[in-house]
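Let me begin by presenting the structure, written as structure tokens, before commenting on it.
The values are calculated or read from the model by the stated rules, or taken from the named source; none is laboratory data. Keep in mind it's a predicted model, so treat the numbers as computed, not measured. Because the Cβ atoms are built from the backbone with ideal geometry, glycine has one as well, and the counts that use them run over all protein chains shown. The protein model used for the area step is the full one, side chains on, heavy atoms only, and it has no ligands, DNA or RNA in it. Shrake-Rupley method; radii C 1.70, N 1.55, O 1.52, S 1.80 Å.
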Amino acid sequence: MQYQAAVTHIYCLMANLAMERGLVGQAERLFTTVLKRILAEGEAQDSNAVVEISLKLSQIFLSNGDLAKAEQGLTFSTEAMGKKVAAAGTDVDEDTLALYGMALDQQAQLFMAGNRLREAEKSFREAVLVATKLHGEKGEQVLVVTNSLATVLSMQGQDAAAAQLLEGVVAAAQQLDTPHLTAYMVNLGLVRLKQGMVDMARSSCQDARKKAEEVGDKEVIAEADQCLKEVQLALSGTT
């Protein structure tokens with residue numbers, strides 16, 4: 001039994017290494033082998049180990065463009081972990097909560113990519129609640145997921161609600177000194193621009209650009225420049 005467990009562990013290490021190297025076909029085969037082995041060894045189908053592998057396989061399916069398989073895996077993962085979290089109540093362990101939050105976030109991202117915005121919003125809202133339980137209201141992961149939720153709300157035209165969320169995210173991120181602060185500020189600027197609050201949009205994106213320059217974040221600098229370009233177009237009355 002110990003020998004079989006050791007072999008399974010080696011397969012798991014090989015699968016993770018293949019995934020890190022971008023060898024998705026090899027990673028898929030290895031993770032599938034690991035899944036079959038641990039189930040044969042008596043692992044429960046809704047165990048954290050099974051769900052963790054299911055999430056990795058979903059990532060692989062997504063990268064291969066197999067959206068149906070990816071969604072199937074994410075649906076299984078969120079439902080399995082949701083039931084475990086509900087059943088455990090206040091006694092739920094951190095690993096289970098973290099896996100549930102990860103599954104919800106991945107599911108929401110899949111929905112958002114497919115323009116299924118209401119479903120994405122629902123998953124992101126649950127992911128925010130889970131992250132808050134794990135990290136507190138101002139935890140960095142809470143801010144990351146709340147930013148995603150704000151994006152989905154804005155995509156549905158709920159810009160006032162999105163701006164309110166992003167104001168809170170930016171304020172909390174400033175206290176944490178997180179590297180994501182500048183991206184949040186650009187997002188807030190873009191939402192303010194959609195609301196027609198041009199001066200507020202310009203201020204947010206200018207501040208973001210200045211901070212991004214200080215740390216050499218070229219990606220955010222480019223995003224801030226695009227935001228400021230849109231501000232200039234709005235001010236000149238050009239659409």
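If we keep just the residues of segment 203-239 that are hydroxyl-bearing (S, T, Y) and surrounded by fewer than 14 Cβ atoms within 10 Å (Cβ to Cβ), which is nearest to the chain's Cα centre (by Cα)?
T239
Answer with yes or no whether L176 is of a type in the set (A, V, I, L, M), under 29 Å from S123 (Cβ atoms) and either touching a helix residue (DSSP H, G or I) at 6+ places or on another chain (Cβ under 7 Å) or open to solvent by 70 Å² or more (accessible area, probe 1.4 Å) (or both).
Criteria met by L176.
Can you pull out every residue in segment 164-182 that is out of contact with any Leu (no Cβ under 9 Å at 6 or more places or on another chain) and among the charged types (D, E, K, R)?
D177
When segment 101-138 is examined, which residues are found to be among the basic types (K, R) and over 16 Å from G82 (Cβ atoms)?
Within segment 101-138, R116, R118, K138 qualify.
Please go through (1) in a helix (DSSP H, G or I); (2) more than 12 Å from the chain's Cα centre (by Cα) for M112 and return the number of the only condition it doesn't satisfy.
(2)
For Q164, indicate whether it is open to solvent by 50 Å² or more (accessible area, probe 1.4 Å), more than 17 Å from K229 (Cβ to Cβ) and touching a helix residue (DSSP H, G or I) at 6+ places or on another chain (Cβ under 7 Å).
no
If only one of M112, M197 is open to solvent by less than 60 Å² (accessible area, probe 1.4 Å) and modelled with pLDDT under 95, which one is it?
None of the others qualify; the one that does is M112.
Identify, please: which residue in segment 152-194 is hydrophobic (A, V, I, L, M, F, W, C) and without any contact (Cβ under 8 Å) to a residue 12 or more places away in the chain and is, among those, nearest to M112 (Cα to Cα)?
Looking at residues that are hydrophobic (A, V, I, L, M, F, W, C) and without any contact (Cβ under 8 Å) to a residue 12 or more places away in the chain, I get A161.
Give S54, S63, S58 a once-over and let me know the one that is touching a Leu at 6+ places or on another chain (Cβ under 7 Å), at pLDDT below 95, within 20 Å of T32 (Cβ to Cβ) and of a type in the set (S, T, Y).
S58
Test each condition in (1) under 19 Å from the mean Cα position of the chain (by Cα); (2) at negative phi for G65 and report the one that comes out false.
All conditions are met except number (2).
Just the residues that are open to solvent by 70 Å² or more (accessible area, probe 1.4 Å) and either among the aromatic types (F, W, Y) or not in a helix (DSSP H, G or I) (or both), please, taken from segment 18-45.
Across segment 18-45, the qualifying residues are R21, L23, E43, Q45.
Each row is one residue, and each column tells you yes or no for (1) among the polar types (S, T, N, Q); (2) assigned to a helix (DSSP H, G or I).
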{"position": "A127", "(1), (2)": "no, yes"}
{"position": "V152", "(1), (2)": "no, yes"}
{"position": "G157", "(1), (2)": "no, no"}
{"position": "Q164", "(1), (2)": "yes, yes"}
{"position": "V169", "(1), (2)": "no, yes"}
{"position": "M185", "(1), (2)": "no, yes"}
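Residue by residue through segment 63-96, note down the ones that are open to solvent by 80 Å² or more (accessible area, probe 1.4 Å) and touching a residue at least 40 places away in the same chain (Cβ under 8 Å).
The answer is N64, L67, E94, D95.
Within segment 72-105, count every residue that is touching a helix residue (DSSP H, G or I) at 6+ places or on another chain (Cβ under 6 Å) and of a type in the set (S, T, N, Q).
3
Here's the yes/no breakdown for (1) open to solvent by less than 40 Å² (accessible area, probe 1.4 Å); (2) modelled with pLDDT under 95; (3) in a helix (DSSP H, G or I):
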{"position": "E121", "(1), (2), (3)": "yes, no, yes"}
{"position": "K133", "(1), (2), (3)": "no, yes, yes"}
{"position": "E137", "(1), (2), (3)": "no, yes, no"}
{"position": "T146", "(1), (2), (3)": "yes, no, yes"}
{"position": "L149", "(1), (2), (3)": "yes, no, yes"}
